[in-house]
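Take a look at the structure below.
The values are calculated or read from the model by the stated rules, or taken from the named source; none is laboratory data. What you are looking at is a predicted structure, and each value in this text was computed from that prediction instead of being measured. FYI the Cβ positions are ideal-geometry reconstructions off the backbone, even for glycines, and counts take in every protein chain you see. Ligands, DNA and RNA are stripped out before the accessible areas are found, and what is left, the full protein with its side chains, is counted by its heavy atoms. Shrake-Rupley method; radii C 1.70, N 1.55, O 1.52, S 1.80 Å.
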Amino acid sequence: MNKLSGIAANTDIMSIYKKTNNIVDDMRQIIDESQKRAYQAVDFRLIQRNWLIGYRIAEEELNGEERAEYGARIIKGLSKELTSIYGKGFTKTNLYSFYSFYKCFPEIFHSLSGKSGRLLSWTHYRTLLQVKDKTARNWYEKEAAEQTWSVRTLQRNISSQYYYRMLQTQRQDLVENEMKQLTAEYQSDKLEFIKNPVIAEFLGMAYNTDYEESDLETSILSNLQRFLMEMGKGYAFVARQQHIHTEKQEYYIDLVFYNYILKCFVLIDLKTNKITHQDVGQMDMYIRMYDELKRGKDDNPTLGIVLCADTDKDIARYSVLHGNEQMFMSKYKLYLPTEEELRNEIETQKMMYYLQHKEAESEMKADQPNESED
């Protein structure tokens, strides 16, 4: 049975376009609206795909006591097969999310037929799967669509029990105004959609990290990668801007190495402002996740390096979980650059970056015609 029959999306921007006396404003309207419609079209197909995958997995369910075990085997086998064919994006976790998506929203496309409602993004729906209370989940979905909440706004509202607080308060306007103030910065990111690595995977493209890092950060990370590889102390490059996610948050680890002498993963996170306790705690979380998900039986505990490229003072800090300090002092330090070496490398790259940009600016000025000339 085709559950998607009769679904259509209005993608005509011609009827929306209105000419004004300002050509720049007109151009911005055309470009922004075209991008918005293109993003919506891609995400709509992504949602269709994930819903259909979940629907097909659900059809494999068997009645009886072994249903859960059978489903786990199906998903494990599917993950292996699909990953070998299509690459990233079809982990067991993702397949379970697709299955849960179908189970939680079995009539999602029918409910939109003939109505003015619109779909959220796939990341919105994946976030909504955290909400087990169907009534609350439907409320969050409706509010997110009507108020155009970003994914980060939706996540914060779910985590802060916004729905239940709105039910209990006598002053909903105060609670709502506070929420809007606290999430204002989350609503201003117009590139949120194209930052999403799920979209890049769906389109079969490499994830573009340029939207995540400034030019300075990109330059420093590129040279740190080369710096460690050229040390000749067993570093093998694993990933850059590696995407990992928990149920509530997306994370990107700047650089990941494996040291085959130390037999451990080495994670690097770069900050362009002062290091906070939250940054250290985040690195500890990365280490725990790597130890749980990536570390092999014969591997030593994962090591983290938090770097700060603050304009006033560069800082490098090593991070190991409690209980591994002795191993760090006796073994790890032999194959790691010192904190002073890392600070010097960051400072060198900053100087080179600024010099290169000054040269580029000078060349651009030299190429510009002299206004006094005919």
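A few comments on the model shown:
- Some residue of the stretch 59-70 being at pLDDT below 90, surrounded by 16 or more Cβ atoms within 10 Å (Cβ to Cβ) and out of contact with any helix residue (DSSP H, G or I) (no Cβ under 8 Å at 6 or more places or on another chain): no
- When we screen F44, F90, F98 for residues that are in contact with a Ser or Thr (Cβ under 8 Å, 6 or more places away or on another chain) and modelled with pLDDT of 80 or more, the only hit is F90.
- Qualifying residue in the stretch 331-338 (condition: within 17 Å of F227 (Cα to Cα), surrounded by 13 or more Cβ atoms within 10 Å (Cβ to Cβ), at pLDDT 65 or above and of a type in the set (F, W, Y)): yes
- Residue in the stretch 217-227 that is of a type in the set (S, T, N, Q), at pLDDT below 85, under 27 Å from I85 (Cα atoms) and open to solvent by 40 Å² or more (accessible area, probe 1.4 Å) present: no
- Residue, farthest from L128 (Cα to Cα), within the stretch 88-112, restricted to residues that are assigned to a loop (DSSP other than H, G, I, E, B) and open to solvent by 30 Å² or more (accessible area, probe 1.4 Å): K88
- Test: residue in the stretch 80-100 that is over 27 Å from E60 (Cβ atoms) and in contact with a helix residue (DSSP H, G or I) (Cβ under 7 Å, 6 or more places away or on another chain): no
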